[in-house]
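Right, one structure below, let's go through it.
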Amino acid sequence: MSRVYNFSAGPAVLPEEVLREAAEEMMDYKGCGMSVMEMSHRSKVYDQIIKEAEADLRDLMNIPDNYKVLFLQGGASQQFAAVPMNLMKNKKAGYIVTGQWAKKAYQEAKMYGEAVELASSADETFSYIPDCSDLAITDDMDYVYICENNTIYGTKFKNLPNTKGVDLVADVSSCFLSEPVDVSKYAVIYGGVQKNIGPAGVVIAIIRDDLITDDVLPGTPTMLKYKIHADNESLYNTPPCYGIYICGKVFKWIKKMGGLQAMKEHNEKKAKILYDFLDQSKMFKATVRPEDRSLMNVPFVTGNDELDAKFVKESKEAGFENLKGHRSVGGMRASIYNAMPIEGVEKLVEFMKKFEEENA
Ligand SMILES: *Cc1c(COP(=O)(O)O)cnc(C)c1O
């Protein structure tokens, strides 16, 4: 068996320990004679898996009692519609557009009400986070929306926007569980798990309970009502059972590693190795303003498309997978999520140094 260093933006690297455990339990989960993907979601065994996953997540993120945790499907993209359908009581919300995912959410919201673009960093190819200290937020807005870590462009909100008392909704798909978070500052936190937590197919939404009501936009499908899923503890219909089971294992792995503070330190250490190299390199250049750089997604370029292509090809041959940048921006991107070991980043930097020398 040989494993590569996988820098994919998502679905992405998972802890080897978790994969090994899942493999061991594949044929016979804890003596019940079947795999977790073969068992009823109404069984006692599965009930314990989903309850324990929720309890561990609550523990890790220190989620207050007045927030519900929902395990949903449909990808983060489905929440682009679910959020306005459930929260737009006044049919008005503010969006901060910091990349493609935020833009998609903003465009989706326009189908349901008045979505106001409060700020944007499109003018410089989303390479920074706009100043959000004094935005044109009005009291009649139902919420202010951000994409907290911009997977494609590699920016991250280091400070949350000043929402002037309006509820904050955040897509945290690519920074979920990468550092400690004060859940009480948000009304809704949600993310697809395939970036930093588990297999594609699960979305976790953490929602303040006063927002979970029957007062949703007319025509909201049953499956998109937060209340249906909250009332049924994420078991209204068949949930993505196996994916939730893997998420639960990753929660336990993070706890064992020391929790979110330890994850943050581990992630900062990795990101520093890569950014420090990029900042002194004569060939490679980080594309994001230093103060807004993501710990998770690190885009970089040489400034020469042919050289970029050569780098991607040779890095792959050397065992570094998925370093090609997103199709909309080109260049390279190294996604260094929780499960990427430090050696992966150290070896990548060694390889980049060698490539720079050989191609100077
Ligand atoms: C990947 C990603 C999405 C889209 O996720 P899907 O599960 O494919 O819908 C949305 N937002 C962010 C920040 C992402 O990184």
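The values are calculated or read from the model by the stated rules, or taken from the named source; none is laboratory data. A quick note: this is a predicted structure, and the numbers were derived from the prediction, not measured. Positions of Cβ are generated from backbone atoms using ideal geometry, with glycine treated the same way; all protein chains shown enter the neighbour counts. Each accessible area value is taken on the protein alone, full model and side chains, heavy atoms only, with ligands, DNA and RNA left out. Shrake-Rupley method; radii C 1.70, N 1.55, O 1.52, S 1.80 Å.
Taking all protein chains in place and a 1.4 Å probe, what share, in percent, of the accessible surface of segment 225-360 do carbon and sulfur account for? Please list the in-between numbers first.
Numbers: 3180 of 6360 Å².
Here carbon and sulfur together make up 50 percent of the probe-accessible area.
On a full-extension model of 0.36 nm per residue, what is the gain between Asp305 and Lys353, subtracting their alpha-carbon distance, rounded to one decimal in nm? Please list the in-between numbers first.
Working: separation 48, 0.36 × 48 = 17.28 nm, distance 1.85 nm.
Going from the current span to full extension adds 15.4 nm.
Count the DSSP beta bridges whose two residues both fall in segment 17-256, then state the antiparallel fraction as a percent rounded to the nearest 5. Please list the in-between numbers first.
Working: 13 of 28 bridges.
Of the beta bridges lying entirely in segment 17-256, close to 45 percent run antiparallel.
What does the extension gain come out to for Lys285 and Leu217, with contour length at 0.36 nm per residue minus their alpha carbon separation? Please report the intermediate quantities before stating the final value.
On the way: separation 68, 0.36 × 68 = 24.48 nm, distance 4.62 nm.
The Lys285-Leu217 span can extend by a further 19.9 nm.
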Taking 7 Å along the Cα-to-C-beta vector as the label spot, tell me the His41-Lys104 distance in nanometres, rounded to one decimal. 2.3 nm
At 7 Å along Cα-to-Cβ for each site, give me the label-to-label distance between Ala200 and Ala23 in nm. 2.3 nm
Sites Glu343 and Glu233, calculated FRET efficiency, Cβ-Cβ separation with R0 41 Å, nearest 0.05: 0.55
For segment 168-177, take each phi angle, set θ = phi - 60°, evaluate the Karplus expression 6.51 cos²θ - 1.76 cosθ + 1.60, and give the result in whole Hz per residue in order, putting x for glycine and proline. 9, 10, 10, 8, 10, 2, 9, 10, 3, 6
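I need the shape label for segment 309-360. Rule: rounded when a/c is under 1.5, else prolate if a/b > b/c, else oblate, with a, b, c from the alpha carbon gyration tensor.
Numbers: a/c = 1.96, a/b = 1.07, b/c = 1.83.
Note, shape of segment 309-360 comes out oblate.
For a Förster distance of 41 Å, can you work out the FRET efficiency between the beta-carbons of Asn90 and Lys272, rounded to the nearest 0.05? Could you put the intermediate results ahead of the total?
Working: r = 44 Å, r/R0 = 1.06.
Once rounded, the FRET efficiency stands at 0.40.
Between rounded, prolate and oblate, where does the chain land on the alpha carbon gyration tensor, with a ≥ b ≥ c its root eigenvalues, rounded for a/c under 1.5, else prolate if a/b exceeds b/c? Before the final figure, lay out each step's value.
Values: a/c = 2.07, a/b = 1.18, b/c = 1.76.
Note, shape of the chain comes out oblate.
Classify segment 104-189 as rounded, prolate or oblate from the Cα gyration tensor: take a ≥ b ≥ c as the square roots of its eigenvalues, call it rounded if a/c is under 1.5, otherwise prolate when a/b beats b/c and oblate if not.
Working: a/c = 1.43, a/b = 1.14, b/c = 1.25.
Verdict is rounded for segment 104-189.
So what is the relative contact order for segment 233-355, in percent, with contacts set as C-alpha pairs under 8 Å and at least six apart?
Values: 106 pairs, mean separation 29.0, N = 123.
In percent, rounded to a whole number, it is 24.
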How large is ³J(HN,Hα) for each residue in segment 206-221, as worked out from phi by the Karplus curve 6.51 cos²θ - 1.76 cosθ + 1.60 (θ = phi - 60°), to whole Hz, x for Gly and Pro? 10, 10, 5, 5, 5, 8, 9, 9, 7, 7, 10, 4, x, x, 5, x
Please build a GNM for the chain, connecting alpha carbons under 10 Å apart, and tell me which residue among Glu124, Glu291, Glu148 fluctuates the most. Glu124
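Determine the calculated [θ] at 222 nm for the chain from helices alone, applying -39500 (n - 2.57) to every DSSP H run no shorter than 4 residues and normalising by the residue count; nearest 500 deg cm²/dmol. Mind showing how you got there, number by number?
Details: 9 runs with 125 residues, N = 360.
Taking each H run of at least 4 residues, the total per residue is -11000 deg cm²/dmol.
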Peptides 87-99, 216-228: what's the order by average Cβ count within 10 Å, highest mean first? 87-99, 216-228
How large is the accessible surface per residue of the chain, computed with a 1.4 Å probe and reported in Å² as a whole number? 44 Å²
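Once you've got the Cα coordinates, tell me which of Lys30/Lys104; Lys227/Lys270; Lys270/Lys310; Lys164/Lys227 are over 32 Å apart. Working shown, then result.
Working: Lys30/Lys104 42 Å; Lys227/Lys270 40 Å; Lys270/Lys310 24 Å; Lys164/Lys227 27 Å.
Flagged as over cut-off: Lys30/Lys104; Lys227/Lys270.
Given a 1.4 Å probe and every protein chain left where it sits, what share in percent of the accessible area of segment 101-219 is carbon and sulfur? Mind dumping the intermediate values first?
Values: 1980 of 4410 Å².
Ligands and nucleic acids excluded, carbon and sulfur give 45 percent.
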Quick one: Karplus J couplings for segment 330-345, per residue in order, coefficients 6.51, -1.76, 1.60, θ = phi - 60°, nearest Hz, x for Gly and Pro? x, x, 10, 8, 9, 8, 10, 5, 2, 7, 6, x, 4, 4, x, 6
